[in-house]
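Contents: one structure, followed by commentary.
Each value in this text was obtained by applying a stated rule to the coordinates, not by laboratory testing. As the structure is a computational prediction, the values presented were derived from the model and not from experiment. Cβ atoms come from the backbone with ideal geometry, glycine included; neighbour counts cover every protein chain shown.
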Amino acid sequence: MTATKEYLAESELQKPNGRFGTRHYVVFMLFLGMANAYVMRTNMSVAIVAMVNQTAIEHEAEVFDDECPDTDYGEPADPADHKDGEFLWSTSLQGYILSSFFYGYVITQIPFGLLAKKYGAMKFLGWGMLINSVFAFLVPIAARQGGAPWLIVVRFIQGLGEGPIVPCTHAMLAKWIPPNERSRVGSIVYSGAQFGTVISMPLSGLLADHGFDGGWPSIFYVFGIIGTVWSVAFLWTCHEDPITHPSIAEDERKYIQQSLWGKAGVNIPPIPWKSISRSLPFYAILLAHLGQNYGYETLMTELPTYMKQVLRFSIKANGTLSALPYLAMWIFSIGVGWVADWMLTSGRFTHTLTRKLSNSIGQYGPAIALIIASYTGCNRALTVAILTIGVGFNGGIYAGFKINHLDLTPRYAGILMAFTNCSANLAGLLAPIAAGNIIEGKPTIAQWRIVFVIAACVYIFTATFYNIFASGTRQPWDNPDNDEPQKPVSIEAPAYENGHSNLANGGTTATNGTTTTYRANNAAEQRQ
């Protein structure tokens, strides 16, 4: 069976009536989970400003460029309104506290990707986020009772708990979402990152100023409660795949299962490591992911620094302006996802072409924005506009490389995402290091231009590599027809209260008085 036949077969399937189905609920919960994950990772950056006694600690002299005139626009109107925190932590110690979460997050990517493949993704995702949320309650206690060392430990454990979010989300999407719905669904789910950031930044600031227990602790209590409620609801109401879901409508179950070439619920053979290591389409995704994280970190962390050091304008001091880029990316990513799926269902565009076009918008767009931003001179308004537009265009990646793992290999998508996401997060750390070395002691427009052009070149190179070698077709090393045949199994299973039951790896389903037999690892066989 070829990939082309796979998609043609899907177009001939009987799609369920236009209702809010079980798969849509799963997507909604994954979206909220992604939003919650990004709230947990970003709220400390806001809280630590309120936690630290800024006037009592010694500040390193910050070097400013004198090419642009000074301005107080975007700075707090009254410095007296600022309240000092209760901790005397140096800038370097604050850096260790902020980074401790990400060390835990990065090291668990690949292990959880492998475990999800063997034991299922849903429980790792739910329990991981529950650990993340519960430990949020311990942040104020650790900081006040144990100081920075204990706070670092708690944040590290939170990072460990959040490790499953991306690989396990990818693994669940592979089991629940038909190929021609993946662009918009992937964009919706992963845009939860921007949605969570847009919610977290202003709300965390509000809680820091007016919250209970001294202000900043309320940030972790409030978001800890929200995260715990989501985790329990997710574990209680969601299931690993359509086969094991007890109450999904039969027509929706059949539509999902028949649209996925090589049903998600059957036994999965060992990971074809050798074939993956030789796959150019996989390396195309990997490089695109590396370039994305490097460029994104430059856009979101270094450009604001440039505006403060060179343009004398602090975008971080204005909550509305700081949220604009995230909001633009969230809205644009959803729009691109819908357009991409329309392109696929129209029959005029292949999956490969659709992924490349979407990814080109998502990576060439920010590259051009970075180059333009390096030549805007002292025009503050134009630089803010470029930042917003560039990050907005970046939303195209969700219908590009970000969801492309599912096209290549639905059965191993979580594992591939674990490898690319882990590598990309490490690559993202290079952006501030490179920028710091280039502008150290001389933050001029010319030096910053080098920073922006390097990031733009990274974007352009990785996007071009992706356009040359990427593919939207299922790879031969994930062809269920090549799996070793297993002996057919037929086991009578009791019915649920709603009249049907399912066994993922061989069994029967009783529905409306009829019995349907499933046979494990036979991709060509459907319900009788």
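For the ranges 388-398, 102-112, 232-242, what's the packing order if you count other beta-carbon atoms within 10 Å of each residue, average per peptide, and put the highest first?
Ranking the peptides 388-398, 102-112, 232-242 by packing returns 388-398, 102-112, 232-242.
Compute the relative contact order of segment 308-466 as a whole-number percentage, counting only Cα pairs closer than 8 Å that sit 6 or more residues apart in sequence.
31 percent
Hey, if you put +1 on the Cβ of every Lys and Arg and -1 on every Asp and Glu Cβ in segment 280-420, which of 324, 299, 375 ends up farthest toward the positive end of that dipole?
Going by the Cα projections, it comes out as 375.
For segment 275-305 and segment 205-266, what is the separation of their Cα centres, given in Å?
Centre-to-centre (Cα) distance: 27 Å.
Relative to the Cα centre, what is the charge dipole magnitude of segment 99-232, using +1 at the beta carbon of each Lys and Arg, -1 at the beta carbon of each Asp and Glu, and rounding to the nearest 20 debye?
500 debye
When ranked by the protection proxy of mean other Cβ atoms within 10 Å per residue, highest first, what sequence do the peptides 184-190, 130-136 form?
Going from most to least packed, we get 184-190, 130-136.
Only Lys, Arg, Asp and Glu count, each charged at its Cβ (+1, +1, -1, -1), so figure out the dipole size of segment 199-310 about its Cα centre, rounded to 20 debye.
In debye, rounded to 20, segment 199-310 gives about 500.
Taking the radius of gyration and the Kirkwood hydrodynamic radius from Cα positions alone, what is the Rg/Rh ratio for segment 120-204, to two decimal places?
On the Cα set of segment 120-204, Rg over Rh gives 1.09.
Which trypsin sites (Lys or Arg not before Pro) from segment 188-291 combine a DSSP loop assignment with at most 11 other Cβ atoms within 10 Å?
In loop regions of segment 188-291 (DSSP not H, G, I, E or B), the sparsely surrounded trypsin sites (Lys or Arg not before Pro) are 278.
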